[in-house]
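The values are calculated or read from the model by the stated rules, or taken from the named source; none is laboratory data. Just so you know, these numbers come straight off a predicted model, no measurement behind them. Here Cβ is always computed from backbone atoms with ideal geometry, including for glycine, and neighbour counts include all displayed protein chains. Each accessible area value is taken on the protein alone, full model and side chains, heavy atoms only, with ligands, DNA and RNA left out. Shrake-Rupley method; radii C 1.70, N 1.55, O 1.52, S 1.80 Å.
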Amino acid sequence: MSSDCMMNLKVDAVLKSNPKGEEIFKEYDKTKSLSDATRRQMINILIAEMMDSYGRIPPTSMRTSYALGIVTLFPYLQDPFSKKGYEHYYDPEAHTGYLAWRIKTIQRNTCDGLCGRSRPSFQDSPTAHRESLLTGEQLVGEECREALSIIRHSTDQSVVKEKMRATFEYRQKMVHDKDATSSVLDVFPRFLDVPGLIDQDFLMMFGDEVSGQFLAKWPSYFKHKVNEECQGLPVNPYVVELQAAFDPEAENDYGKCVLLLG
């Protein structure tokens, strides 16, 4: 029996063993889809069983298997724009998706208070907290998680920009969390392939007048200060690439400097 069939049967058995499982099957049979509320109910049931079987931090392989089992059992729930069709339930490369977010929520709610730590910030430094010029509603909770999935998988750049605006506050919290800041580009990879997203965030932070100076010519002595700031960043491939591109021996009087301030 193939792994697809095995996980199909596994998910089917878990849902049918739960009193609320019948509602999920009825809704899918009737509409060939699931409402947000019903989908959350399904995720909660499956995560509860997964944690019972594999502990509070289920292996990536099991999260992937459950995501595969869902779209195999309910084929109309597949995402036609993703590589394998189940990444919106769990993406093993980015560690995102409905299953991942539910697990993180449970872990956060049961943590022992370590999440309350904060890091120091300095006035007017890149790490300083600022009042943003938010325009439009900011998403939270389940709606925010759904927006993150849409951002990752949508091919419509206007939709991506809209959801990026609506998750700006969530992203800023990541930037100012020393344990999460190195994962910003993993959670929001569209910064790398959709033009204008960095400018959009900068505009929301500083307004039209300041954001007009986002790309500017700066005296060369700023280059070394920027490089020093970069040395303290958590190491990831993006930081390494930027640091490798920095040439401290360059003798230009002015260098083009792009600063994304947190």
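Kindly establish whether Ser61 is among the small types (Gly, Ala, Ser) and at pLDDT 90 or above.
Yes.
Hey, could you check the stretch 154-196 for residues that are of a type in the set (Val, Ile, Thr) and either modelled with pLDDT of 90 or more or assigned to a helix (DSSP H, G or I) (or both) and say which is farthest from Val140 (Cα to Cα)?
Ranking the candidates gives Val194 first.
Okay, residues lined up against (1) in contact with a Gly (Cβ under 9 Å, 6 or more places away or on another chain); (2) β-branched (Val, Ile, Thr); (3) open to solvent by less than 20 Å² (accessible area, probe 1.4 Å):
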site: Ala147; (1), (2), (3): no, no, yes
site: Thr155; (1), (2), (3): no, yes, no
site: Lys163; (1), (2), (3): no, no, no
site: Arg171; (1), (2), (3): no, no, yes
site: Val175; (1), (2), (3): yes, yes, no
site: Asp179; (1), (2), (3): no, no, no
site: Ser182; (1), (2), (3): no, no, no
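Inside the stretch 84-106, can you point out the residues that are open to solvent by 30 Å² or more (accessible area, probe 1.4 Å), touching a residue at least 12 places away in the same chain (Cβ under 8 Å) and under 29 Å from Glu22 (Cβ atoms)?
Lys84, Tyr98, Arg102, Ile106
Quick check on my filter: what residues within the stretch 53-77 are assigned to a loop (DSSP other than H, G, I, E, B) and open to solvent by 40 Å² or more (accessible area, probe 1.4 Å)? Spell out the reasoning first.
Step one: of the stretch 53-77, the residues assigned to a loop (DSSP other than H, G, I, E, B) are 55-59, 74.
Selection gives Arg56, Ile57, Pro59.
Being more than 27 Å from the chain's Cα centre (by Cα) and surrounded by 11 or more Cβ atoms within 10 Å (Cβ to Cβ) is the filter; apply it to the stretch 25-52 and report the residue that is farthest from Arg145 (Cα to Cα).
In this case the residue turns out to be Lys26.
Being out of contact with any Asp or Glu (no Cβ under 8 Å at 6 or more places or on another chain), at pLDDT below 90 and within 30 Å of Thr38 (Cα to Cα) is the requirement here; does Gln123 meet it? First the steps, then the outcome.
Values: out of contact with any Asp or Glu (no Cβ under 8 Å at 6 or more places or on another chain): yes; at pLDDT below 90: yes; within 30 Å of Thr38 (Cα to Cα): no.
So Gln123 fails the test.
Would you mention how many residues in the stretch 56-83 are touching a residue at least 40 places away in the same chain (Cβ under 8 Å) and within 25 Å of Ile150 (Cβ to Cβ)?
15
What's the number of the only condition in (1) closer than 16 Å to Asn8 by Cβ; (2) polar (S, T, N, Q); (3) under 20 Å from the mean Cα position of the chain (by Cα) that Ser65 fails to meet?
(3)
Scan the stretch 193-202 for residues that are open to solvent by 10 Å² or more (accessible area, probe 1.4 Å) and free of Cβ contacts under 8 Å to residues at least 40 places away in the same chain and report the count.
Residues flagged as open to solvent by 10 Å² or more (accessible area, probe 1.4 Å) and free of Cβ contacts under 8 Å to residues at least 40 places away in the same chain within the stretch 193-202 amount to 5.
For the stretch 78-95, state whether one or more residues are part of a helix (DSSP H, G or I), among the aromatic types (Phe, Trp, Tyr) and at pLDDT 85 or above.
Going residue by residue through the stretch 78-95, those that are part of a helix (DSSP H, G or I) are none.
No: zero hits.
Which pairs do you get when a residue that is more than 19 Å from Val71 (Cβ to Cβ) and touching a residue at least 40 places away in the same chain (Cβ under 8 Å), found in the stretch 32-55, comes within reach of a residue that is open to solvent by less than 30 Å² (accessible area, probe 1.4 Å) and outside any helix (DSSP H, G or I), reach meaning Cβ atoms under 7 angstrom, with the pair 6+ apart or on two chains?
Every condition considered, the pairs that remain are Met51/Pro58.
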